[in-house]
């Protein structure tokens, strides 16, 4: 497969901190990253804006409603027959009760000490560090 034959799958992620500076994480229930912790997010559906997709994914995976802020950064990860192009946005919680749902087997607010103990999806820690988005607690 040549580079031009690769399918690009647009995805989004939500970087959410609570009032204590902890980072919102979900444990993936399905591939890719099954069993590993990551930020909430997923594929952008046809006709959706990134903001709409972030809002939907956070609600589905965590039960929380968010307002979507600035684009923090983007990464690319391998996908079957292609590439995931992931765009991560800063978000603020506006409502809801934290609970695991949809593609998440668990959800948690993680401080720095907790984050250091979790099996994370590939590249997450480096990206969050590069973007100055690690837990502040």
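The values are calculated or read from the model by the stated rules, or taken from the named source; none is laboratory data. What you see is a predicted model, and the numbers here were worked out from it, not measured in a lab. Heads up, the Cβs are rebuilt from the backbone with ideal geometry, glycines too, and the neighbour counts pull from every protein chain shown.
Looking for something farther than 16 Å from residue 11 by Cα and in a helix (DSSP H, G or I) - is there at least one such residue anywhere in segment 105-112?
First pass over segment 105-112, keeping only residues farther than 16 Å from residue 11 by Cα: 105-112.
Now drop any that are not in a helix (DSSP H, G or I), which leaves 112.
Yes, some residue in segment 105-112 is farther than 16 Å from residue 11 by Cα and in a helix (DSSP H, G or I).
Which fully enclosed strands (runs of 3 or more DSSP E) of segment 1-70 have 1 or more residues being free of Cβ contacts under 8 Å to residues at least 60 places away in the same chain and buried (at least 22 other Cβ atoms within 10 Å of the Cβ)? It would help to see each step written out before you state the result.
Values: elements: 7-16, 23-28, 41-43.
It comes to 41-43.
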Margin query: It is to be established whether one or more residues within segment 74-82 are at pLDDT 95 or above, out of contact with any helix residue (DSSP H, G or I) (no Cβ under 7 Å at 6 or more places or on another chain), surrounded by fewer than 19 Cβ atoms within 10 Å (Cβ to Cβ) and assigned to a helix (DSSP H, G or I).
Written below: no
Next item on the list: Count, please, the residues in segment 87-104 that happen to be part of a strand (DSSP E or B), surrounded by 14 or more Cβ atoms within 10 Å (Cβ to Cβ) and in contact with a helix residue (DSSP H, G or I) (Cβ under 9 Å, 6 or more places away or on another chain).
Entry: 6
